[in-house]
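The structure appears right after this line, and notes come after that.
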Amino acid sequence: MNRDPREGLTVTHRRYVPYSHAHYAGNLVDGAYALGLFGDVATEVCIRSDGDEGLFAGYADVRFLAPLRAGDVVEATAVVTRVGTRSRTLALEARVVCRGRPDKGASAAEVLPEPIVAVTATGTVVVPGD
């Protein structure tokens, strides 16, 4: 059986996390913030692979590995790992690529030498049938 050419399709978005989204002490944002980013990249995957925004059907194996903070620049990536008749399985990862440094000044920030993997998950999206 031939591999579907949509497998391996990768979409990445970057977003600055505004301080207005800080929810907890230490300028932490809630875990749902990353899930929202995953929804956005999944939507673009569906548009690119099937010409439709699709719908998110569910998450599996969500892991919160490191904090997301206000002042971060976060990169969210979705990779299509399986193509079904109407479903697509996605490997999802959110990485911090820049971080605010309020200890060095009110607007200080830095590019991280290595991204920090903050959240991973597996997602399933569905698209309309033919």
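The values are calculated or read from the model by the stated rules, or taken from the named source; none is laboratory data. In this text the structure is predicted, and so the values were computed from the model without any measurement. Using ideal geometry, Cβ is built from the backbone for each residue, glycine included, and neighbour counts are taken over all protein chains shown.
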Only unsatisfied item for D30, checking (1) under 22 Å from I116 (Cα atoms); (2) in a loop (DSSP other than H, G, I, E, B); (3) out of contact with any Pro (no Cβ under 8 Å at 6 or more places or on another chain); (4) touching a residue at least 40 places away in the same chain (Cβ under 8 Å), is (4)
Unique residue being within 16 Å of P115 (Cβ to Cβ) and modelled with pLDDT of 95 or more when the list is A42, A66: A66
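From the list V41, V11, which one is under 11 Å from the mean Cα position of the chain (by Cα), part of a helix (DSSP H, G or I) and not hydroxyl-bearing (S, T, Y)? Steps first, please.
Values: V11 fails: part of a helix (DSSP H, G or I).
One residue alone meets the criteria, V41.
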